[in-house]
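K.L.:
Quick one: the structure is below, and I'll ask about it shortly.
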Amino acid sequence: MSDRVRLWLRPILFLGLLLVLWQVAVSRSSTKLLPGPWETVGGVADLVRHGLLLKYVAASLFRVTWGFVLAAILAIPMGLMIGWHHRAEMAFNPLIQFFRPISPLAWIPIAILWFGVGDLSAVFLIFLSCFFPLLLTAINAVQTIPSVYVNAGRNFGLSSTGLVYRVLYPAVLPQLITGLRITLGIAWLVVVAAEMIAVNSGLGFLIVDARNAGNRYDLVVAGMVIIGIIGLLLDQGMRSLERTRSLR
């Protein structure tokens with residue numbers, strides 16, 4: 001058996017073992033507080049049959065994409081600038097450290113007040129959840145560049161613009177990609193929480209609506225499983241970006 005087959009076989013066998021244990025635990029339980037694997041599969045099939053699965057997944061991914069991309073567009077250049085200029089860091093750091101510990105979910109009432117119940121509120125919350133982690137990642141990435149790289153660029157006569165494009169960006173890119181991967185996971189967590197309160201569609205809304213509309217716990221667990229699978233796929237996508245030869 002090749003190493004690649006073993007690499008794929010082990011997690012599949014482990015997942016199968018977990019499903020068996022899940023089914024055994026449910027069948028031996030005197031109270032049906034948790035649906036079994038087959039009931040969960042039935043819940044997913046029910047969502048597909050009613051055309052809701054694709055609709056809710058697309059709604060959640062739409063909000064995550066916009067919030068994450070907007071945060072990256074604004075936070076990364078700003079963080080690189082602050083990290084590159086010491087005086088800018090001294091000016092902005094107190095403000096950053098004041099807003100950073102505030103949970104994005106604490107902004108839900110203000111988001112609803114400003115944008116109403118809809119996509120804009122969720123995108124705003126995801127933007128906030130991504131902005132400060134990416135900003136701090138960019139700042140730290142610049143500040144950890146070895147000074148020998150910068151000095152070598154200056155010795156070769158690079159201008160300030162040349163230092164930025166030929167020294168700064170290549171040096172910070174590995175940390176930025178890692179930060180993007182972690183932040184994307186945060187965005188996926190926040191969109192589910194935001195959809196439970198601030199919107200009327202998406203996977204988070206599916207879980208709350210299934211609970212309120214007849215205690216459909218098969219749909220609740222189905223939503224949780226779908227969220228986990230999509231989160232895994234998003235993480236794998238970012239990890240494949242890390243392994244891209246041109247970026248490495």
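The values are calculated or read from the model by the stated rules, or taken from the named source; none is laboratory data. Quick caveat, the model's predicted, so the values are computed rather than measured. A quick note on method: Cβ atoms are made from the backbone with ideal geometry, for glycine too, and the neighbour counts reach across all protein chains shown.
K.L.:
What are the residues in region 1-38 that are outside any helix (DSSP H, G or I) and either among the hydroxyl-bearing types (Ser, Thr, Tyr) or modelled with pLDDT under 75 (or both), if any?
P.N.:
The answer is Met1, Ser2, Ser29, Ser30, Thr31, Lys32, Leu33.
K.L.:
Given the criteria out of contact with any Pro (no Cβ under 7 Å at 6 or more places or on another chain) and either without any contact (Cβ under 8 Å) to a residue 24 or more places away in the chain or on the phi > 0 side of the Ramachandran plot (or both), does Arg87 qualify?
P.N.:
Here the answer is yes, as Arg87 does meet what is asked.
K.L.:
Here are Leu163, Leu173: which of them is within 26 Å of the chain's Cα centre (by Cα) and part of a helix (DSSP H, G or I)?
P.N.:
Values: Leu163 fails: within 26 Å of the chain's Cα centre (by Cα).
Answer to the selection: Leu173.
K.L.:
Looking only at region 195-206, which residues are at pLDDT 85 or above and of a type in the set (A, V, I, L, M)?
P.N.:
Listed by number, the residues that qualify are Leu203, Leu206.
K.L.:
Look at Thr183 and say whether it is among the polar types (S, T, N, Q), buried (at least 20 other Cβ atoms within 10 Å of the Cβ), more than 13 Å from the chain's Cα centre (by Cα) and over 30 Å from Ala45 (Cα atoms).
P.N.:
It is false that Thr183 is among the polar types (S, T, N, Q), buried (at least 20 other Cβ atoms within 10 Å of the Cβ), more than 13 Å from the chain's Cα centre (by Cα) and over 30 Å from Ala45 (Cα atoms).
K.L.:
Would you check which residues across region 53-68 are surrounded by fewer than 15 Cβ atoms within 10 Å (Cβ to Cβ) and either outside any helix (DSSP H, G or I) or of a type in the set (A, V, I, L, M) (or both) and list them?
P.N.:
Leu54, Ala58
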